[in-house]
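Below: the structure, in structure tokens.
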Amino acid sequence: MTSHGASDALDPNAGDTIDVRPITAPELPDWLRAVKTGFLQPPVVSAEEEGNRASGVILSRTLGAFDGSRCVATFRSFPQELTAVGGAAVPADAISNVTVSPTHRRRGLLTRMMKADLAAARQRGDVVATLIAAEYPIYGRYGFGPATTSTEWTVDVPRTGLDPRWAGPADGGRIDLLDAEDVRKSGPELHERFRRVRPGAIDRNDRWWQVNTGVLRFGGTWKEPFYASYRSASGEIEGLVSYTADDSWGDSNQPANTAEVNWLLAVTPAAERALWTYLCSIDWITRVRTGRRAPDDLLPQFLPDPRAARVTRHTDWLWVRILDVVRALEARTYEVEGTLFLDVADESGPDGGRYRLTAAADGTAACVATAEEADLSLSVADLSTLWLGDESAVRLAALGRVRERREGAARLADALLRTSRRPWCPDIF
């Protein structure tokens, strides 16, 4: 996640005397302490944590700002694949661990690190950059725009109207409890099926499965989850869930436990329905907290009484920065045929210009640079927000962020770009 305390300088040259560069292996402990300082965590790094984190760090893409020998700002990126509309996996520059120590704010350190990383990403051929922003106002000035949102529900189980005698799916499928080792075997293939059809989803490597099943730990207390799978009538795993439960009892010695979902992954509505119903049927569980879900998740409508699922958090989530306008627009598919002329402004990079986007009947598109008059003017940040299909160009025009040069251009952009299901990134990085 990025970033705490990453406010930049009014004077972009104020930090020129500070050395910004990739770190070396011996500097990793100091860099990790700076990360923890930036995120207001105890600045202590154990040998075990250092070793586990070192295995996931690419030193050439791990930047530090050094005032003398002390690391005072941090920045890390790593390779990622992001699913575009239509299912294509595009190479992304994933950014994380961005901090500036409170003693060194407003000296331009973030700008120096960001410019260096995005320039390297363009040179590698990455199509977009991505991040999860801890603070909203920081990243728009670097061309990032919020492209997906995340919603969490709390389900009041007694109010759902579900049959308390439920003992398993009625569709011929079944629910099974699994061990962590089983999840590491079956989870990656299931996730690959999921991310191919969900715009906004990102890849999960072996390290992700090790971290999220407790093989790799980074300090704090690990609470071993329960794992359950849904198998269809044909015996194929179509859904997995990881969850924990607390130990809470009411004044009259009645159980009032909450199930906390760490993640729930499903590739069919039947699997989703079965896993949510299973969670709501566990003895003693009176509340289910869903964790991060898509804003158009099916869960509330799975319940006889959808009001039993109360939204407890809704926020922007994945931010995207387009690095190659032509490749980004050609990588995704489109809902209708049409031609749209775009004038893209990029004050913080080289990705601006005028483009002609032509979408064909089969959903594919061609995008080329052009000198023709634009239909729509917008920043690269707002184009990045629109790219995954969640936001409306008409809405951005009403907000004054998109300018129509031809009447009806924003409606055409919505017809081309918006999607029937909303993009979703389940992960944090």
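The values are calculated or read from the model by the stated rules, or taken from the named source; none is laboratory data. What you are looking at is a predicted structure, and each value in this text was computed from that prediction instead of being measured. Neighbour counts run over all protein chains shown; Cβ positions are idealised from the backbone, glycine included. Heads up: the accessible areas ignore ligands, DNA and RNA and are worked out on the full protein's heavy atoms, side chains in. Shrake-Rupley method; radii C 1.70, N 1.55, O 1.52, S 1.80 Å.
Of all the criteria given as (1) surrounded by 19 or more Cβ atoms within 10 Å (Cβ to Cβ); (2) more than 29 Å from VAL320 (Cβ to Cβ), the one not satisfied by GLU272 is (2). Would you check if there is a residue in region 329-337 being β-branched (Val, Ile, Thr) and either part of a strand (DSSP E or B) or without any contact (Cβ under 8 Å) to a residue 12 or more places away in the chain (or both)? The answer is no; no qualifying residue exists. Residues in region 119-130 that are of a type in the set (A, V, I, L, M) and open to solvent by less than 10 Å² (accessible area, probe 1.4 Å): ALA121, VAL127, VAL128, ALA129. Selection over region 277-336 of residues that are within 24 Å of the chain's Cα centre (by Cα), buried (at least 17 other Cβ atoms within 10 Å of the Cβ) and β-branched (Val, Ile, Thr) gives a count of 7. If you check VAL57, VAL44 for being at pLDDT 95 or above, assigned to a loop (DSSP other than H, G, I, E, B), surrounded by fewer than 19 Cβ atoms within 10 Å (Cβ to Cβ) and aliphatic (A, V, I, L, M), only one passes: VAL57. If you check ARG159, ARG105, ARG174 for being in contact with a Gly (Cβ under 8 Å, 6 or more places away or on another chain) and surrounded by 15 or more Cβ atoms within 10 Å (Cβ to Cβ), only one passes: ARG105. Select, from THR244, THR258, THR148, the only residue that is under 25 Å from THR277 (Cα atoms), within 23 Å of the chain's Cα centre (by Cα) and of a type in the set (Ser, Thr, Tyr). Checking each option against the conditions leaves just THR244.
The set of residues in region 126-153 that are part of a loop (DSSP other than H, G, I, E, B) and either over 14 Å from VAL98 (Cα atoms) or among the β-branched types (Val, Ile, Thr) (or both) comprises ASP126, VAL127, GLY143, PHE144, ALA147, THR148. Can SER101 be described as hydroxyl-bearing (Ser, Thr, Tyr) and under 15 Å from the mean Cα position of the chain (by Cα)? Taking the combined requirement at face value, the residue does not satisfy it.
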